[in-house]
Amino acid sequence: MIEIRDLRKTFYRGTPDEIQLFRGFSMKIEKGDFVTLVGSNGAGKSTLLNLIAGSLMPDSGEILVEGRDVARMPEHKRSAFISRVFQNPSLGTSPSLTIEENLSLALNKGRPFGLGRAKDRRRRERFRERLAALGLGLENKLDVKVGVLSGGQRQALALLMATEVPPSLLLLDEHTAALDPNTAGVIMEMTRRVVEEHRITTLMVTHNMKNALDYGNRLVMLHRGSIVVDLRDEQKRGLTIAQLMDLFSRTSALTDQMVLAEFTQI
C-alpha cells in the first residue's frame, strides 16, 4: 500500500545548524494497517507525515502510494487520496462555514466544483446520520457555523470530513493532543470506529504511549530519523508502557552509537 524507499531529508544545509534527519529511511505499510508512530521530540514523526502529505519535499527518495511515486507531487494533488487531521482542531475545518457546508466540501473531495444546489435533502440526511453516530448532538446543528463549536466538536468534525470520502491513506498528527482527557478518549474511540468501518490505511503520530499500545495493529518508534522499534499484532498486544520504554532505551542507545560512528568516519 505505502512504500518509502531511501528517503533523505536535511535541514539548514551548509550551516552550523545542519541536521540530517532522514538518511536513507525506508518503510512499508500494508493495506489496512493502522500504525501508531511514537518517538521523542525531534525523532522525525511529524516530518515524516509532512513528507508523505507533500508539505515538505524530500532531498531524494521515493514515496509510493499504491505503486505511484508521489514524492514530487504537489500537496494539493496528494490531498485527493491522502487525508490528514492536525493537532489544532481549527486546521481541518472552515470556521466561517456551517457544519453542513464543511461536510459538503468534504463530500465533493476529488471532484470538480461547479454551479449546483448548496443543500440537498438526501445529503442532509446522510450528514445527520453520520453526526448522530458521534453522540455529540451535532446532527441538530447543521446550520451552525463551525467557529462556535468546542475544540472536541471541531476535531470530531475534522475527522468525519477527512473520511467522508474514504482516502487511500489517513494521517493523524497528534489529533487528540490539544483536547482534554475525556474528549480525547471520545475522539480516539471515534477514530477506531471510523478506521475499522472503512478499513482505512492509517498512520497516527502520538505522544501518548497508552494510545500507541491500545490502538492499531502495528507500533513503530522513531529515534533520530530511524526505526528503532517495530511491533505488530501479537508482539504489540500485552506489552506494557514500562516494557516499551525499556525497549526504546536499549534500541535508541544502539542507534546513537551508529550515528556517532558515522560522523566519526566522516
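Bear in mind these aren't lab numbers, they're just calculated from the coordinates by the rules spelled out. Note that this is a predicted model, so its numbers are computed, not measured. Counting neighbours? That spans all protein chains shown, and the Cβs are built from the backbone with ideal geometry, glycine included.
Of all the listed residues (164, 189), the sole one being surrounded by fewer than 16 Cβ atoms within 10 Å (Cβ to Cβ) and under 30 Å from residue 3 (Cα atoms) is 189. Looking only at the range 56-93, how many residues end up being crowded, with 21+ Cβ neighbours inside 10 Å, among the basic types (Lys, Arg) and over 26 Å from residue 20 (Cβ atoms)? So the count comes out to 0.
Could you pull out the residue among 200, 187 that is β-branched (Val, Ile, Thr), in contact (Cβ under 8 Å) with a residue 24 or more places away in the chain and farther than 23 Å from residue 52 by Cα?
187
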